[in-house]
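Input: a single structure, listed below in structure tokens.
The values are calculated or read from the model by the stated rules, or taken from the named source; none is laboratory data. Keep in mind it's a predicted model, so treat the numbers as computed, not measured. Don't worry about glycine lacking a Cβ; one is built from the backbone with ideal geometry, like all the others, and counts go over all protein chains shown.
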Amino acid sequence: MKTYGIGIIGAGFMGKTHTYNYVNLPLYYDGMPFKTKLVGICNRTLSKAERLKEDFGYEFATSNYMDLLERDDIDIIDVCTPNIVHHEQIIRSLKAKKHVYADKPICITDDEADDIVSEAESSGVVHQVAFHNRFYPAVRKIKILMEENFIGKPVSFRVVYYHSSNLNPNKFRGWRQSMKESGGGVLFDMGSHAIDIVYYCLGEYDRMSMESVILFPERPDAEGNMVKIDTEDHVLINAKMKNGALGTIEVSKIIVGSNDDLDIELYGTEGAIRYSLMNPGFLRVYDSRDPQTPLGGSRGYKAVEVLNNDPDSQSNFPGPRFNVAWLRGHLGSQYNFLKSVHENKQAVPSLKSGAYIQKIMNKLYRVSGKEEWISV
């Protein structure tokens with residue numbers, strides 16, 4: 001059985017998430033036709049990489065990611081680093097003929113996006129961007145319903161993605177609160193997911209506009225000095241799709257009472273679909289073709305118990321009747337990538353999809369606050 005050697009760049013939160021999944025995939029996908037092996041973990045602070053090495057059994061730890069690229073026993077590079085270094089690390093990994101799984105956003109500028117797509121298409125390796133929200137079973141069910149024209153002609157939509165993590169004015173400025181270090185604010189961090197979900201469900205965009213807010217213009221740095229904040233906390237996007245649907249995308253880190261609130265609402269001429277990541281095992285669907293008589297008939301929103309029913313999983317763990325946890329989307333996304341590598345076919349969503357989303361976000365920054373629409 002083929003074993004794929006894994007090298008991860010970045011031992012922070014997402015590096016730990018991806019590590020956990022590589023270790024536990026066989027529990028969720030019984031009878032996988034391949035295995036994974038944790039070979040190398042890299043972090044600029046070596047002690048963090050050493051900790052993951054000890055906790056999860058990597059063969060070695062390093063502070064230089066080139067050490068991963070030089071290893072013949074590493075087949076896959078997983079990029080989990082701050083945005084500003086994604087382009088360099090992805091390009092060098094592709095040039096080294098490593099299959100690439102990359103966190104979003106894949107880069108900062110349009111030129112970098114074009115560079116990545118060009119290298120990816122000529123490299124002959126498999127690549128995927130980690131738009132993991134596509135892979136929750138209920139979101140996959142949405143895709144099936146849309147392909148079956150369940151809602152009829154799409155008319156309108158609303159997607160919100162809310163956190164509350166930037167409400168504290170005394171929160172230290174990290175790399176995500178610096179344009180120089182992150183390239184973007186909440187639009188890059190969470191908006192990339194929301195924009196991709198609409199793209200996944202409704203297809204290509206036609207026109208868009210955006211407004212943004214910075215709640216606290218200054219925050220303390222790690223030494224307690226007040227520094228200027230130039231990354232936005234909240235964005236509101238208006239969007240018209242090529243299929244004619246008109247809707248909004250709202251993304252924020254300053255919504256009181258929110259946790260990881262990704263909500264999807266799709267409305268058409270025949271029906272509607274609603275989904276909340278905070279209740280991830282269920283869809284609410286409305287079918288206007290249901291009878292309305294007598295006394296309301298069976299018309300109304302119905303809960304669909306998708307739960308852990310995953311068409312790719314042959315495992316009974318944790319079982320289809322149990323609810324879905326946050327890690328399930330990441331598990332599904334990483335399995336999709338590995339399966340594509342094993343079958344030698346291009347994964348979806350590819351780095352090209354990541355570049356499409358990247359260019360949309362960059363255009364939105366250019367018109368933010370100008371009451372202008374951009375063509376996509």
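Scanning the stretch 222-242 for residues being surrounded by fewer than 13 Cβ atoms within 10 Å (Cβ to Cβ) and under 20 Å from the mean Cα position of the chain (by Cα) gives a total of 0.
If you go through the stretch 42-82 and keep only what is polar (S, T, N, Q) and either at pLDDT below 95 or farther than 27 Å from Thr109 by Cα (or both), you end up with Ser47, Thr62.
Inspect all residues belonging to the stretch 252-264 and state whether any of them is buried (at least 17 other Cβ atoms within 10 Å of the Cβ), closer than 22 Å to His87 by Cβ and out of contact with any Gly (no Cβ under 6 Å at 6 or more places or on another chain). No, the stretch 252-264 contains no residue that is buried (at least 17 other Cβ atoms within 10 Å of the Cβ), closer than 22 Å to His87 by Cβ and out of contact with any Gly (no Cβ under 6 Å at 6 or more places or on another chain). What do you reckon, is Ile9 under 28 Å from Asn308 (Cβ atoms), among the hydrophobic types (A, V, I, L, M, F, W, C) and crowded, with 20+ Cβ neighbours inside 10 Å? Criteria not met by Ile9. Only one of the numbered conditions (1) crowded, with 23+ Cβ neighbours inside 10 Å; (2) out of contact with any Phe, Trp or Tyr (no Cβ under 6 Å at 6 or more places or on another chain); (3) within 30 Å of Val324 (Cα to Cα) is violated by Asp55, and that is (1). Entry remark, the stretch 87-129: residues being within 24 Å of His193 (Cβ to Cβ) and either assigned to a loop (DSSP other than H, G, I, E, B) or of a type in the set (Ser, Thr, Tyr) (or both) number 10 in total.
Leu331 satisfies every condition listed in (1) crowded, with 18+ Cβ neighbours inside 10 Å; (2) touching a Gly at 6+ places or on another chain (Cβ under 9 Å) except (2). Across the stretch 146-159, the number of residues qualifying as touching a Leu at 6+ places or on another chain (Cβ under 9 Å) and surrounded by fewer than 19 Cβ atoms within 10 Å (Cβ to Cβ) comes to 4. Only one entry of Arg289, Arg219, Arg284, Arg321 meets the criterion of being out of contact with any helix residue (DSSP H, G or I) (no Cβ under 9 Å at 6 or more places or on another chain) and either surrounded by 12 or more Cβ atoms within 10 Å (Cβ to Cβ) or in contact (Cβ under 8 Å) with a residue 60 or more places away in the chain (or both), and that entry is Arg284. For the stretch 279-300, a residue qualifies if it is outside any strand (DSSP E or B) and touching a Ser or Thr at 6+ places or on another chain (Cβ under 9 Å), and the qualifying residues are Ser288, Asp290, Pro291, Gln292, Arg299.
Condition check ((1) in the same structural domain as Met241 (by TED's automatic domain parsing); (2) farther than 21 Å from Cys201 by Cβ; (3) of a type in the set (S, T, N, Q); (4) assigned to a helix (DSSP H, G or I)) across all residues:
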site: Ala303; (1), (2), (3), (4): yes, no, no, no
site: Pro318; (1), (2), (3), (4): yes, yes, no, no
site: Gly329; (1), (2), (3), (4): yes, no, no, yes
site: Gln334; (1), (2), (3), (4): yes, yes, yes, yes
